[in-house]
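Have a look at the structure below before the remarks.
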Amino acid sequence: MSQQHHQPVWVPDEVDIETPSAARMYDYYLGGSHNFAADRELARQAMQAWPDARAFAVANRAFLYRAVKLLAASGIDQFLDLGSGIPTAGNVHEVAFTANPDARTLYVDCDPVAYAHGSTLLSDVPYARFLHADLRDPESVLGNAELTGFLDLRRPVAVLLFLVLPFVPEADDPAGIISAYREASAPGSYIALSHGTGDYRPQTVARIRDVYKHASHSMTLRSKPEIEALLSGYELLEPGVIDTILWRPDRGAAPDPLGGDVARYSMYAAVGRRA
């Protein structure tokens, strides 16, 4: 049976649904429906190597909520979500808009399914748009009319990198990429990021890395000092680069499903301000 026969009507014809996508695997971890058999199969392999993968994804979403809510409440009304994936429920534009009705969000992702679904999802949302582009090419992103006609980089903006930098290898110069976005943003702008690490469980995360070799993007995990170095040029908000579940936790939240064991999450988070 041909691939075309399996292709859902909302998926562009040119999309290869047989190659697992890191973005769609993440959608699967979160219980989303915009993923395909190949994505689910590789995601299940990842979850065999790391049974806490779903809790990891949920913890990242919780950090997204806390960080965006804080920034929007602080007066930031422009959000540039790089490597956004599929804008599922409770995503940046909804959180930002609730805290600040003037907030605008531009999602950026190179995954064609994320773009196809995201564009449809946001078609009647005036304060959010989706740009189909690769964050690793800052010049292309920052010069795109979709961005320049929607966000004003002469004013402060929050650059968001939630669990996307692990899919940017050293060969692509992640420090240079972040620097380009920082230099393009006005003083008073922010960065918020989360990043997986091998600091706690190197053997387990090595198995995860092996699984992702078969996905659209391979995985590079970084140490705490390496992540701190990527944030050069930003003044980090307290408590700095820290385990994601410990970054300004919501005191009213339900008990942590992994008992607060930071090693089982193996993920750091930080928010920084450009002076």
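Readers should treat all values here as calculations from the given coordinates under stated rules, not as data from a laboratory. Only a predicted model underlies this, so the values are computations on that prediction, with no experimental measurement involved. Every residue, glycine as well, gets a Cβ built from its backbone with ideal geometry; the counts of neighbours run over all protein chains shown.
For the range 127-174, just run the numbers: alpha carbon Rg, then divide by 2.2 N^0.38 Å, N being how many residues it has. Display every interim value, and only then the final one.
Details: Rg = 12.0 Å, N = 48, 2.2 N^0.38 = 9.6 Å.
Ratio of Cα Rg to 2.2 N^0.38 Å: 1.25.
Counting every Cα pair in the range 57-111, what percent are over 18 Å apart? Tail of P(r) above 18 Å: 25 percent of Cα pairs.
Express the relative contact order of the chain as a whole percentage, based on alpha carbon pairs under 8 Å and six or more residues apart in sequence.
Values: 487 pairs, mean separation 52.8, N = 275.
Here the relative contact order equals 19 percent.
Computed on the Cα trace of the range 72-213, the radius of gyration divided by the Kirkwood hydrodynamic radius gives Rg/Rh = 0.98.
Think of the range 17-156 as a dipole: +1 on every Lys or Arg Cβ, -1 on every Asp or Glu Cβ, centred on the Cα centre; then among Phe150, Pro112, Val95, Val95 lies furthest on the positive end. As a ratio to 2.2 N^0.38 Å, the alpha-carbon radius of gyration for the chain is 0.96.
Taking the average, over residues, of other Cβ atoms within 10 Å as the packing measure, peptides 106-112, 119-125, 93-99 rank 106-112, 93-99, 119-125 from highest down. Temperature 10 °C, viscosity 1.306 mPa s: under these conditions the Stokes-Einstein estimate for the range 179-275, based on its Kirkwood radius over C-alpha pairs, is 106 µm² per second. Taking packing as the residue-averaged number of other Cβ atoms within 10 angstrom, the listed peptides 269-275, 82-88, 250-256 run from highest to lowest as 82-88, 269-275, 250-256.
Ordering of 148-159, 228-239 by packing is 148-159, 228-239, highest average first (other Cβ atoms within 10 Å, averaged per residue).
Summing +1 for each Lys or Arg and -1 for each Asp or Glu among the other residues whose beta-carbon sits under 9 angstrom from that of Phe162 gives 0.
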